[in-house]
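Report on the structure given below.
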Amino acid sequence: MYDLVIIGAGAAGIEAAKYSIKKKLKTALIDKNIENFGGVCLNKGCIPTKFFLNFGKEKKDLNLLSFLLKDVIKKIKEPTIDYLKKNNVDIIFGEANFLDKNKIKVKDNIIEAKNIIIATGSLPKKINEKYIFSEELFSNLNLKENILIVGAGYIGLEFASLLNSFGKKVLVIEKENEILPKINSKLKNRLKIILERNGIEIKTSMSFEDLDLSKFDSVIFSTGRLPNLCNLNLERIGIELDSGWIKTDKYLKTNIDNIFACGDVVNKKFFAYVAQYQARICVENIISKKTKEDYSFVPECVFSIPAFATVGFTEETAKENNIKYNIIKSNFLRFSSSYVYNDLDGFIEILTDSKDKIIGAQIISKYAFELINIFSIAIKNSLKLKDLNKSFLVHPTISEIVNLD
């Protein structure tokens with residue numbers, strides 16, 4: 001019998017397996033096949049998107065990049081599998097089906113476990129099979145010039161920037177009255193202006209049903225996710241769901257005492273690094289440490305060009321929560337590094353509380369995805385802005401923008 005069986009070898013499942021090694025648990029990791037190993041992030045999401053965004057700046061050939069990407073995925077996947085096997089994690093390929101709360105059937109094998117983590121992720125919400133959906137983009141790279149992207153959330157804006165960087169004509173539509181509807185920050189309006197200036201057409205308060213889709217060479221949908229729970233037979237063991245997603249408590253435990261869940265399947269925050277954080281919490285709580293989830297310092301980033309990132313409170317959410325705050329706003333033009341690295345559209349907002357502790361930050365920058373991590377650490381450790389100002393920062397670098405007072 002295993003101490004721990006993990007179902008799903010995506011960002012959450014792999015992290016849970018790695019962390020279980022440190023905790024000396026006898027562990028098995030199950031996924032459908034080796035092609036799926038690494039999950040959406042490695043194979044169809046985070047890594048491919050950022051790879052293309054990075055090299056798109058150099059205007060390289062899409063077909064060449066597609067070939068190079070396969071090698072990159074292989075170089076990440078194979079050492080991960082080797083590491084887990086070397087440390088006695090059993091990797092089992094096949095569909096997992098619950099027989100009871102301690103037994104899982106995979107093909108003709110029955111696997112027993114004291115504890116189970118469900119980390120099976122999510123799938124794109126499909127409107128019509130004849131269109132391209134977010135995870136399918138990298139197997140449909142022979143796109144023509146006129147492209148419609150439905151949904152102006154994280155994925156939609158990233159794809160818009162990616163395709164725009166390769167010279168495609170892109171229209172993004174959003175049914176809500178603003179881009180990034182899940183982010184409550186006026187700064188995103190500034191981002192919209194920059195993206196439009198860069199050649200991306202964006203229309204809000206518009207549905208795909210309002211358009212003649214036949215006028216576009218390609219239509220890409222990025223309009224939400226669904227839980228990936230197919231064939232697990234959760235109803236057999238009575239796991240509670242919430243609108244189809246696995247319901248967990250603040251310790252990421254389900255209503256079954258030895259079964260935990262993490263990653264997209266719990267419908268909290270759809271980021272690989274959050275899934276990894278949740279995976280560690282699950283393992284900690286399996287070995288009896290009562291560790292609660294805490295998302296107050298989770299950075300969020302849109303890898304558009306330029307990128308947009310936020311962590312903690314925005315001015316809008318601080319007002320909603322009746323928090324007294326001070327706000328510092330600045331463009332990057334006061335810093336010489338913005339000219340050196342051509343980050344002239346850069347802009348930052350930093351919120352502090354009545355004790356001058358940093359409680360939030362929002363950034364537009366080519367390097368926002370790096371800079372926001374500084375403020376996540378600051379919030380986690382209750383740092384004040386003056387604490388950052390006391391630091392030595394290499395000159396000239398974009399990170400000097402934290403020296404605001």
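The values are calculated or read from the model by the stated rules, or taken from the named source; none is laboratory data. Since this is a predicted model, take the numbers as computed values, not measurements. Quick reminder, even Gly has a Cβ in these numbers, built from the backbone with ideal geometry, and neighbours come from all protein chains shown.
Structure notes:
- Neighbours by Cβ (under 7 Å, 6+ apart or cross-chain): first from region 66-84, touching a residue at least 60 places away in the same chain (Cβ under 8 Å); second crowded, with 17+ Cβ neighbours inside 10 Å and of a type in the set (G, A, S): L84/A17
- The test for being closer than 17 Å to S296 by Cα and assigned to a strand (DSSP E or B) holds for I358.
- Any hit, region 55-76, residues being of a type in the set (S, T, Y), touching a Cys at 6+ places or on another chain (Cβ under 9 Å) and over 22 Å from L232 (Cα atoms): no
- Near pairs, Cβ below 6 angstrom, 6+ apart or cross-chain, from region 374-396 (over 20 Å from D294 (Cα atoms)) to any residue that is small (G, A, S) and in a loop (DSSP other than H, G, I, E, B): P396/S336
- Those helices (runs of 4 or more DSSP H) of region 1-120 in which at least 1 residues are on the phi > 0 side of the Ramachandran plot and surrounded by 16 or more Cβ atoms within 10 Å (Cβ to Cβ), considering only elements entirely within it, cover 39-43.
- Of residues in region 193-221 being part of a helix (DSSP H, G or I) and over 24 Å from L137 (Cβ atoms), the one farthest from the chain's Cα centre (by Cα): R197
- Criterion (in contact with a Lys or Arg (Cβ under 9 Å, 6 or more places away or on another chain), at pLDDT 90 or above, surrounded by 14 or more Cβ atoms within 10 Å (Cβ to Cβ) and assigned to a helix (DSSP H, G or I)) met by exactly one of E158, E136, E178: E158
- Looking across F375, F392, F332, F369, one residue alone is in the same structural domain as S304 (by TED's automatic domain parsing), surrounded by fewer than 12 Cβ atoms within 10 Å (Cβ to Cβ) and hydrophobic (A, V, I, L, M, F, W, C). It is F392.
- Scope region 274-314; condition among the aromatic types (F, W, Y) and buried (at least 23 other Cβ atoms within 10 Å of the Cβ); matching residues: F308, F313
- No other residue among I372, I379 is farther than 20 Å from N189 by Cα, assigned to a helix (DSSP H, G or I) and of a type in the set (V, I, T) apart from I379.
- I183 vs. criteria within 30 Å of A309 (Cβ to Cβ), of a type outside the set (F, W, Y) and at pLDDT 95 or above: no
- Residue within region 222-229 that is over 30 Å from E178 (Cα atoms), in a loop (DSSP other than H, G, I, E, B), in the same structural domain as L53 (by TED's automatic domain parsing) and in contact with a strand residue (DSSP E or B) (Cβ under 8 Å, 6 or more places away or on another chain) present: yes
- Cross-chain or 6+ apart pairs with Cβ under 8 Å, region 193-220 first and at pLDDT below 95, then of a type in the set (D, E, K, R): S207/K175; D217/K144; D217/E145; S218/K144
A quick yes/no check of all residues on (1) in contact with a helix residue (DSSP H, G or I) (Cβ under 8 Å, 6 or more places away or on another chain); (2) farther than 30 Å from K107 by Cβ:
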residue	(1), (2)
F208	no, yes
L213	no, yes
R225	yes, no
N233	no, no
R236	no, no
C262	yes, no
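- Among the residues of region 282-309, the one identified as farther than 22 Å from I372 by Cβ and touching a Leu at 6+ places or on another chain (Cβ under 6 Å) is C282.
- The condition of being modelled with pLDDT of 95 or more, under 22 Å from the mean Cα position of the chain (by Cα), surrounded by 17 or more Cβ atoms within 10 Å (Cβ to Cβ) and closer than 29 Å to Y277 by Cα holds for I363.
- Wholly enclosed helices (runs of 4 or more DSSP H) of region 269-354 bearing at least 3 residues of a type outside the set (F, W, Y) and under 28 Å from I118 (Cβ atoms): 272-286
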